[in-house]
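First the structure, in the form of structure tokens, and then the observations on it.
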Amino acid sequence: MNSPPDFDPFALICSAHYGTVPALAVIAPENQVKSAARGSPAVPCPPLPAMTHPISGSPDSPVLETPSLLRRMSCWLYEGILLFGVVFIAGYLFGALSQTKNAMDNRHALQAFIFVVFGIYFGWLWSKGQTLAMKTWRIRVVDLQGQPLTQGRALIRYVWSWLWLLPPLMAAWWFSLSGGETTVITIGWVAIWALLSRFHPKRQFWHDALAGTQLVNAEPGKK
């Protein structure tokens, strides 16, 4: 009475790829010789096709790194200095268009006009990736996928960016604070808001998290 054939694990793998495998294909190599001697030629398992796996990342893919807090705040201060020029031009245009001679006249209209000008200024430059200050400090603003911002996304970021200044300004208006007191609480709030980025998983500012944007290191020479 013949003993049952031994099963080869390699042949079982073949069956997973090719479906039903002939019975003799599962005979272990040492028993294939015996089978051939009895007149039953062994059927070799056909070669397995090459198996490939998707690559999750590529070594050439750019890594989006968050700039240090010191660099981002230095860029923030430099941006504020450059905005004095934007305010001057906006004030001049508003005075020319409205024929306003006294700076205190139409003050609220002037503030609204500057708000719109800032929105156009930042919305256009952020959609390009960088303002002048960001180019100096080699920082770019992108969306969460690392792509350039759309005009709409840039405007959303502009609205959320007022969290830098709106809370202390609202407090100063509510409590009728003096100019010196307003300056103190504004500086304090800016410091607190900047330090709160430490609690973000990627160390991003929270207005960027709310807007769906992020600040990353700019590649050298990239426009």
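The values are calculated or read from the model by the stated rules, or taken from the named source; none is laboratory data. Being a predicted model, the structure only gives us computed values, none of them experimental. So basically every Cβ, Gly included, is an ideal-geometry build from the backbone, and we count neighbours across all protein chains shown.
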Which condition number does residue 136 fail, the rest of (1) β-branched (Val, Ile, Thr); (2) more than 17 Å from the chain's Cα centre (by Cα); (3) over 15 Å from residue 79 (Cα atoms) being met?
-> (3)
Is it fair to say residue 191 is without any contact (Cβ under 8 Å) to a residue 60 or more places away in the chain and either more than 23 Å from residue 111 (Cβ to Cβ) or among the hydrophobic types (A, V, I, L, M, F, W, C) (or both)?
-> yes
From 125, 177, 155, 166, which residue is in the same structural domain as residue 86 (by TED's automatic domain parsing), over 14 Å from the mean Cα position of the chain (by Cα) and at pLDDT below 95?
-> 177
For the range 108-139, which residues satisfy the criterion of being under 21 Å from residue 70 (Cβ atoms), hydroxyl-bearing (Ser, Thr, Tyr) and surrounded by 16 or more Cβ atoms within 10 Å (Cβ to Cβ)?
-> 131
Subset of the range 160-187 [free of Cβ contacts under 8 Å to residues at least 12 places away in the same chain and either crowded, with 16+ Cβ neighbours inside 10 Å or part of a loop (DSSP other than H, G, I, E, B) (or both)] | 175, 176, 177, 178
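Okay, residues lined up against (1) of a type in the set (Val, Ile, Thr); (2) at positive phi; (3) in contact with a strand residue (DSSP E or B) (Cβ under 6 Å, 6 or more places away or on another chain):
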site	(1), (2), (3)
84	no, no, no
98	no, no, no
114	yes, no, no
123	no, no, no
128	no, no, no
147	no, no, no
170	no, no, no
176	no, yes, no
If you take the residues of the range 97-107 that are part of a helix (DSSP H, G or I) and of a type outside the set (D, E, K, R), which of them is surrounded by the most Cβ atoms within 10 Å (Cβ to Cβ)?
-> 98
Please list, ordered by first then second residue, the pairs with beta carbon atoms under 7 Å, 6 or more apart or interchain, first in the range 82-96 and more than 14 Å from residue 132 (Cβ to Cβ), second surrounded by 10 or more Cβ atoms within 10 Å (Cβ to Cβ).
-> 87/114; 90/113; 90/114; 90/117; 91/110; 94/100; 94/110; 94/113
